[in-house]
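I have placed the structure first, in the form of structure tokens, so that the comments after it can refer back to it.
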Amino acid sequence: MIDTHAHLSSRFSEEIKIEGLTYVVLAASCLQDSEDNLKLSEINKKLMPAIGIHPQEINDDFATLEKLFDDRVVAIGECGLEFTDEVNETDKKKQIELFRKQIVMSQNVNRPLIVHSRQASDETLEILGEYKNLRGVIHCYSGGKKRIKKYFELPGEWYFGIDGNLTYEIGLEEVVKNIPKDRLILETDSPYLTPVPFRGEKNCPEYVKYVYQKVSEIWQMSIETTEKIIDDNAKRLFKLV
Ligand SMILES: [Zn+2]
């Protein structure tokens, strides 16, 4: 099993629980996380670092991010758009600019993107549609059933990341049924989005197994077959061997 999205940097300074997992992809929200992820990857070879700047961290310096890149990095992100009601027009423009820079970076360094898109599905689709040869994941996919096809039709190769809320949000089950099996990967978004039966507590990468279990029920397949399909997807996207 692979948790393709966890936050384990010093800001969260937790005990790292990764028993039973083949890999954990470490998502980064800011420069500090990016640096921490690189350090963590040296401590445990199952921890695969991403570097990136989240749309809530638009004041972090992109040039510094670019300098952090090296061979250890498996992905760029999480980056993207978060257009909640409190975000003003100036900050929306800054988010778009920072997103575009990270898209171009992912092309230049040949790494997939981890895309965060909240209340900005149409804008995200429009921007991603302007670039060729992109690969990546729409992390914690929340674009609904209808947009799956639109993301799928984007140039490049796109995957959908589904999290622990699948265990308690009925609507997400329909979404999972509509995602092509070879484009689904699973995440915890630790320390957030803790699945049932630990909902309300802090999340950890090991709990990704509850998301795998839920998918195996939805697919009506054995846990072994489900695991094989999903892990192959994650390995293909992040080039994990
Ligand atoms: Zn995240």
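The values are calculated or read from the model by the stated rules, or taken from the named source; none is laboratory data. Just so we're clear, the structure is a prediction, and the values are computed from it rather than from any experiment. Reconstructed Cβ throughout: ideal geometry from the backbone, glycine too, with neighbour counts over all protein chains shown.
Structure notes:
- Verdict on Gln56 being touching a helix residue (DSSP H, G or I) at 6+ places or on another chain (Cβ under 7 Å) and of a type in the set (S, T, N, Q): no
- Leu125 being crowded, with 22+ Cβ neighbours inside 10 Å, of a type in the set (A, V, I, L, M) and over 14 Å from the mean Cα position of the chain (by Cα): no
- Among the residues making up the stretch 14-64, those that are within 17 Å of Pro191 (Cβ to Cβ), within 14 Å of the ligand (Cβ to nearest atom), hydrophobic (A, V, I, L, M, F, W, C) and in a loop (DSSP other than H, G, I, E, B) are Ala27, Ala28, Cys30.
- When the stretch 55-106 is filtered for residues that are in contact with a His (Cβ under 6 Å, 6 or more places away or on another chain) and either more than 17 Å from Gln32 (Cα to Cα) or not charged (D, E, K, R) (or both), only Gly80 remains.
- The single residue among Gly80, Gly136, Gly143 that is within 20 Å of Ala27 (Cβ to Cβ), under 16 Å from the mean Cα position of the chain (by Cα) and at pLDDT below 95 turns out to be Gly143.
- Residue match in the stretch 113-135 (condition: within 16 Å of the ligand (Cβ to nearest atom) and more than 22 Å from Thr84 (Cα to Cα)): no
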